[in-house]
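Written below as structure tokens is the structure these notes are about.
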Amino acid sequence: MTTDAETRAPDRQASGTSAEEPLRRLGKYQIDKKLGQGGMGAVYLALDTELRRKVAIKVLPRDKASNPTLVRRFKAEAQAAAQLRHDNIVAVYDSDESDGYLYIAMEFVEGQDLHEMINRRGTIPVKRSIEMMKQVASALQHAHEHKIVHRDIKPSNLLIRRDGVVKVTDLGLARSVDDTIETGITRAGTTVGTVDYMSPEQARNSKLADIRSDLYSLGCTWFQM
């Protein structure tokens, strides 16, 4: 992976991001505002200045870029998502490094995640919940046909677009069942995922997670709805 300084004109390099100076630009992406913060970094709303479209930019900060495990996990997320083309999976457009920041440019989904929806509205009507779960199941089938297991299906990783379309996001813990995507984060006997939605076999050893584990997590998600 090359840096923007090597591949793009100087005026497209990332601006500094010290505590006093917020992130303004990453390569061709002009940062608008922060959308959220997670354990792996922040997600920003940005403008692709070449294609003139809004995107979501997931950024691994410099202090985490020195951690090989986090870097492998971050890159594996982009690799896994890049293999998938489905209406119910958030699309990845680009992945690169700029001024010491690793980033992934993704489809921007206007709406809210399922966790937020449940907190705001309470129980989802059965008919609507069935329709939503069918969309997620279709996305998981597509992923599994490409031998990718998500391993972290839960309400906060399901984005609900304003028109009702559900999008699966966050493939940071995904693995390929034939190990063509190797993150190095799942040594035998270790556990990754979210406990409340994790299948028993994934809890014992995350390398054992397969399509059935994702379906178990989907069932736990549906139960919460």
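Derivation of every value follows stated rules applied to the coordinates shown; laboratory data play no part. The model shown is predicted, which means the values in this text are computed figures rather than measured ones. With ideal geometry, Cβ positions are generated from the backbone for all residues, glycine too; neighbour counts draw on all protein chains shown.
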GluC sites (Glu not before Pro) restricted to DSSP loop in the stretch 85-116 with at most 15 other C-beta within 10 Å: GLU110
As a quick test, which of the pairs LYS75/LYS207; LYS127/LYS207; LYS28/LYS75; LYS33/LYS58 have an alpha carbon distance above 23 angstrom in this structure? LYS127/LYS207
Subtract the Cα-Cα distance of ALA82 and THR194 from 0.36 nm times their separation in residues, and report this length gain in nm to one decimal. 38.0 nm
For the stretch 82-186, run through the trypsin sites (Lys or Arg not before Pro) and keep only the ones in DSSP coil with at most 15 other Cβ atoms within 10 Å of their Cβ. ARG85, ARG162
Roughly how many nanometres apart are two label points built 7 Å out from the Cα toward the Cβ at ARG72 and ARG24? 3.7
Please get the size of the charge dipole for the stretch 56-174, origin at its Cα centre, with Cβ charges of +1 on Lys and Arg and -1 on Asp and Glu, quoted in debye to the nearest 20. 460
3J(HN,Hα) from dihedral phi, the stretch 215-225, Karplus parametrisation 6.51/-1.76/1.60, rounded to Hz, x for glycine, proline: 5, 4, 5, 5, x, 4, 5, 4, 4, 5, 6
Taking Rh as the Kirkwood radius computed over C-alpha pairs, what is the Stokes-Einstein D of the stretch 93-156 at 20 °C in a medium of viscosity 1.002 mPa s, expressed in µm² per second? 147
